[in-house]
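Here's the structure, in structure tokens; my notes come after.
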Amino acid sequence: MAEHPETLVVHPRPATGHAPVVPPIHQSATWRLDDAKQGADFAQQSGPAEFYHRWGNPTTRLLEETLAQLEGGEAALCTASGMGAISTAILTAVQGQHHIAAQRTLYSATSEMLTDMLPAFGVRHAFWNPADPGALKAALERDTKLVYIETPANPTLEVTDIAHVAKVAHEAGAMVVCDNTFATPLNQQPLALGCDAVVHSMTKGLGGHSDVSGGAIVGTRAFIERCWHNFKILGPSLSPHDAFLVQRGVKTLALRVQRQNENALALARWLEGQPAVRRVNHPGLAAHPQHALARRQMRGFGCMLSFELGGKEQARRFVEAVRVATLAVSLGGVETLVQHPASMTHGPLSDADRARSGIGEGLVRVSVGIEHVEDLQRDFAQALRA
């Protein structure tokens with residue numbers, strides 16, 4: 001059995017005997033059964049992989065096993081998108097009249113779910129500031145069943161103290177779910193720090209090539225089984241081909257993350273010296289407010305950074321002027337992407353919600369790829385002059 005993640009991503013299962021080196025894609029929506037009893041047995045199981053695609057698939061099962069091992073969880077469940085994973089996990093953790101305590105800066109669709117969708121089902125929420133050690137405890141209520149965090153946060157790169165959150169939440173009888181998309185399992189292990197479950201948008205770093213959409217939940221076997229029963233009804237099934245693409249992307253995860261960690265930190269340090277840049281957000285910078293915390297709970301600082309320019313017009317000119325980088329949403333791929341959060345990824349939020357999250361009009365978000373960092377610096381230099 002592999003002991004290091006660099007080996008595990010390549011060899012998730014022990015390989016013996018005559019078999020294909022690359023696992024096959026089981027491109028079938030249903031499975032031929034031996035007899036009626038076998039079908040009846042499958043119908044009573046949780047997540048059978050060889051019964052009906054909405055319930056499970058062998059190609060997806062291999063990916064789920066890989067992710068559970070990478071995150072240090074007992075089991076995993078893969079979905080068709082990151083929001084498929086996030087919504088399934090949240091809807092499993094809470095019911096009507098329950099309360100959610102969520103950190104103030106989250107992916108926009110997660111915030112929209114909390115503010116626009118869940119109140120219709122009687123689920124309430126409160127946002128709290130992870131930079132304030134006492135804020136979470138103050139936000140908890142008698143019916144708080146879920147504390148939801150995302151660290152580093154999108155797009156401010158705010159870092160949340162996972163171990164502290166887990167301690168406070170568990171003392172209050174609430175579970176903790178952490179969005180680990182920005183960090184990836186190679187840079188951060190939320191379950192080892194006390195979280196009950198982890199969610200990912202596999203569209204991002206796990207897939208790594210901007211060619212697939214997917215999501216994942218990792219946690220205890222009991223929680224994943226509960227998630228699966230809701231997943232079976234909601235139906236956000238990951239296609240076998242997409243599961244194959246993510247599994248293939250995971251094989252190079254360690255190499256990509258190492259290069260992206262190095263590039264992002266070098267680019268962030270370079271941006272700190274540019275006169276047009278007012279502030280750079282990257283947890284690897286000594287000036288980052290939670291740099292010491294990031295050093296304690298992260299193995300690497302990740303591919304993401306953001307920086308403030310003078311205003312919306314300056315940000316627009318920059319993102320339209322890049323030539324090596326690409327103006328596009330999403331993140332975690334081999335190519336460097338830039339975008340304007342206030343009008344793009346977080347544009348659906350209200351002005352007040354963006355202000356609460358610390359997303360200004362001059363903020364530019366960067367997902368740093370695997371290009372040569374000097375080419376990125378030259379590209380950013382000419383874009384800053386535009």
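Values quoted throughout were computed directly from the atomic coordinates according to the rules given, and no laboratory measurement underlies them. As the structure is a prediction and not an experimental result, all values here were calculated from the model. Note that each Cβ is placed from the backbone with ideal geometry, even for glycine, and that neighbours are counted across all protein chains shown.
Using R0 = 30 Å, the C-beta based FRET efficiency linking GLU320 and ASP375 works out to 0.95. More than 17 angstrom separation, counting every C-alpha pair in region 114-188; what % is that? I get 47 percent for the Cα pairs in region 114-188 exceeding 17 Å. The mean of 1/r over all pairs of different alpha-carbon atoms in region 302-381, once inverted, gives a Kirkwood hydrodynamic radius of 12.8 Å. Could you tell me what % of all Cα pairs in region 185-328 have separations over 27 Å? Across region 185-328, Cα pairs with separations above 27 Å total 37 percent.
Straight-line reach from LYS204: which lysines fall under 21 Å, measuring Cα to Cα and dropping same-chain residues less than 8 apart? Partners found: LYS251.
Highest mean first, the peptides 279-285, 239-245 sorted by other C-beta atoms within 10 Å per residue fall in the order 279-285, 239-245. Note on HIS229 and GLN95: their simple-model spin labels are 1.0 nm apart, each label 7 Å out from Cα toward Cβ.
Take the Cα coordinates of region 248-331, assign each an equal point scatterer, and use the Debye formula without solvent to give log10 I(q)/I(0) at q = 0.25 Å⁻¹. Debye curve over Cα of region 248-331, log10 I(q)/I(0) at q = 0.25 Å⁻¹: -1.31.
Each stretch of four or more DSSP H residues adds -39500 (n - 2.57); spread over every residue of the chain, this sum gives -11000 deg cm²/dmol at 222 nm. Legend: P(r) of region 5-77 from all alpha carbon pair distances, 5 Å bins from 0, whole percents, reading 3, 14, 20, 21, 18, 15, 7, 2, 0. Per residue, the convex hull spanned by the Cα atoms of region 1-126 amounts to 174 cubic angstrom. Modelled this way, with points 7 Å down the Cα-to-C-beta line, the labels at GLU272 and ASP351 are 3.4 nm from one another. For region 306-322, the Karplus equation 6.51 cos²θ - 1.76 cosθ + 1.60, evaluated at θ = phi - 60°, returns couplings of 9, 8, 9, 9, x, x, 4, 5, 5, 5, 4, 4, 5, 5, 7, 9, 5 Hz by residue, with Gly and Pro reported as x.
Considering all C-alpha pairs of region 27-251, those separated by over 32 Å amount to 18%.
Take every DSSP beta bridge whose two residues both sit in the chain; close to 55 percent of them are antiparallel. Sorting the segments 228-237, 86-95 by their mean number of nearby beta carbons within 10 angstrom, highest to lowest, gives 86-95, 228-237.
Over the chain, the Kirkwood radius and the radius of gyration, each from Cα atoms, give a ratio Rg/Rh of 0.98. What separates the Cα centres of region 1-71 and region 204-265 is a distance of 15 Å.
The residues neighbouring ALA109, those whose beta-carbon lies less than 15 Å from its own, together hold a net charge of -3 under the Lys/Arg +1, Asp/Glu -1 convention. Note: relative contact order over the chain, using C-alpha pairs below 8 Å and six or more positions apart, is 17 percent. Placing unit charges on the Cβ atoms of the charged side chains and taking the dipole of region 243-334 about its Cα centre, the candidate lying farthest along the positive direction among THR326, ALA264, PHE244 is PHE244.
Our coupling estimate for region 39-45, obtained by passing each phi through the Karplus curve with A = 6.51, B = -1.76, C = 1.60 and θ = phi - 60°, is x, 5, 5, 4, 5, 9, 8 Hz, Gly and Pro reported as x. Peptides 116-127, 149-160 ordered by packing proxy, namely the average of other Cβ atoms within 10 Å per residue, highest first: 149-160, 116-127. For the chain, a crude dipole built from +1 on the beta carbon of Lys and Arg and -1 on the beta carbon of Asp and Glu, taken about the Cα centre, is about 360 debye to the nearest 20. On full extension, the segment bounded by ARG385 and ASP41 gains 117.2 nm, given 0.36 nm per residue less the C-alpha separation. Ratio of region 82-159's C-alpha Rg to 2.2 N^0.38 Å, to two decimals? Taking N as the residue count of region 82-159, the ratio is 1.04. Once the mean of 1/r is taken over each pair of separate Cα atoms and inverted, region 333-380 shows a Kirkwood hydrodynamic radius of 12.0 Å. Each Lys and Arg contributes +1 and each Asp and Glu -1, all at the Cβ; summed about the Cα centre of region 253-384, the dipole is approximately 360 debye.
The value of relative contact order for region 1-113, using C-alpha pairs under 8 Å at least six residues apart, is 18 percent. Counting charges near VAL324 (Lys, Arg +1; Asp, Glu -1) among other residues having Cβ under 11 Å from its Cβ returns a value of -3.
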